[in-house]
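The structure appears right after this line, and notes come after that.
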Amino acid sequence: MTAARALIAEDEPLLAAALAADLRQAWPAIEIVATVGDGLSAAQQALSLGPDVCFFDIRMPGCTGLEAAQMLAEDWPEGRPFPLIVFVTAYDQYAVKAFEARAVDYLVKPHDSARLQRCVAGLQQRLAARQPPAGELQVALEQLRGLLGAAAPGGAAPPRLDVIQAGVGTTVHFVPVDDVVYFEAADKYVRVITADKEHLIRLALKDLLPQLDPQRFWQIHRGTVVQARCIASARRDDSGKVYVSLRGRPEVLTASRLYAHLFKGM
């Protein structure tokens with residue numbers, strides 16, 4: 001039986017313990033190297049320990065399982081096999097179909113033994129037929145792009161922003177979205193950068209993103225969104241990293257490999 005090392009990220013201790021126990025029964029050769037309760041720790045521990053398989057709960061404190069997987073894909077060292085990721089979800093059947101379509105395995109909470117057995121069998125097959133590290137990472141990147149771009153569970157899309165209202169003391173500055181060069185996450189805030197000014201708004205980047213036109217504003221890193229018309233050039237180095245130069249700003253931004261596919265010549 002294929003041996004493997006696994007990491008479990010689940011914020012409900014009883015569910016985490018149940019998954020660990022059932023995994024050991026379904027897969028005696030598995031070693032659970034860590035169990036964590038939040039998304040940031042999940043990414044940090046996975047980067048540190050290099051497990052073969054990660055079981056990520058979708059909804060966790062700090063960041064979601066999808067965001068933790070995104071962090072892994074962006075920061076994973078070259079030449080190391082990328083872990084197989086199983087998402088543990090309480091989403092309804094429509095969201096589950098999105099996972100199926102993207103060829104990423106999943107478990108619905110509370111999981112049942114038969115479904116876990118099928119999941120384990122699939123993981124064992126994939127581990128036994130592993131591709132070279134570069135190929136595995138490319139497959140993972142394509143899957144994550146699809147999942148991050150998939151529609152969230154139903155609901156009308158929020159209206160597009162025309163103006164950013166940035167408060168400073170008793171003053172509110174109205175910044176036209178057309179003037180924004182890029183947005184950058186800063187803890188619980190977002191930096192709003194124009195050609196000659198910088199503002200700070202109390203809003204998470206993940207909450208701002210749905211209000212921006214994705215044709216105009218490109219996410220190039222989990223913490224950076226750039227207005228496409230403000231990109232002057234993009235340079236790729238020998239390792240595959242992409243460096244983005246801007247119109248009207250001196251700084252050079254780095255695009256993570258998850259979004260490097262955006263920068264291809266026509």
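The values are calculated or read from the model by the stated rules, or taken from the named source; none is laboratory data. Since this is a predicted model, take the numbers as computed values, not measurements. Glycine gets a Cβ as well: all are built from the backbone with ideal geometry, and neighbour counts include every protein chain shown.
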Exercise. Does Gly62 meet the test of being touching a Pro at 6+ places or on another chain (Cβ under 6 Å) and exposed (fewer than 15 other Cβ atoms within 10 Å of the Cβ)?
Worked result: no
Problem set entry | Subset of the stretch 209-266 [in a helix (DSSP H, G or I), at pLDDT 95 or above and not small (Gly, Ala, Ser)] | Arg229, Cys230
For this session: Inspect all residues belonging to the stretch 236-256 and state whether any of them is of a type in the set (Asp, Glu) and either closer than 23 Å to Leu72 by Cα or touching a Cys at 6+ places or on another chain (Cβ under 8 Å) (or both).
Result: yes
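Condition check ((1) under 15 Å from the mean Cα position of the chain (by Cα); (2) surrounded by 22 or more Cβ atoms within 10 Å (Cβ to Cβ); (3) modelled with pLDDT of 90 or more; (4) assigned by TED's automatic domain parsing to the domain that holds Leu144) across all residues:
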{"site": "Leu49", "(1), (2), (3), (4)": "no, no, yes, yes"}
{"site": "Asp52", "(1), (2), (3), (4)": "no, no, yes, yes"}
{"site": "Phe87", "(1), (2), (3), (4)": "yes, yes, yes, yes"}
{"site": "Val96", "(1), (2), (3), (4)": "no, no, no, yes"}
{"site": "Asp112", "(1), (2), (3), (4)": "no, no, no, yes"}
Problem set entry | Restricting the stretch 72-84 to residues that are buried (at least 19 other Cβ atoms within 10 Å of the Cβ) and outside any helix (DSSP H, G or I), the residue that is nearest to the chain's Cα centre (by Cα) | Trp76
For this session: Determine if the stretch 60-71 includes at least one residue that is more than 18 Å from Arg145 (Cα to Cα), touching a Ser or Thr at 6+ places or on another chain (Cβ under 9 Å) and part of a helix (DSSP H, G or I).
Result: no
Exercise. What are the residues in the stretch 138-158 that are touching a helix residue (DSSP H, G or I) at 6+ places or on another chain (Cβ under 7 Å) and either modelled with pLDDT of 75 or more or of a type in the set (Gly, Ala, Ser) (or both), if any?
Worked result: Ala140, Leu141, Leu144, Leu147, Leu148, Ala150, Ala157
Exercise. What number of residues within the stretch 26-74 satisfy the criterion of being among the charged types (D, E, K, R) and without any contact (Cβ under 8 Å) to a residue 60 or more places away in the chain?
Worked result: 4
Seminar exercise, completed: Being under 28 Å from Gly39 (Cβ atoms), free of Cβ contacts under 8 Å to residues at least 40 places away in the same chain and of a type in the set (A, V, I, L, M) narrows Leu205, Leu262 down to just Leu205
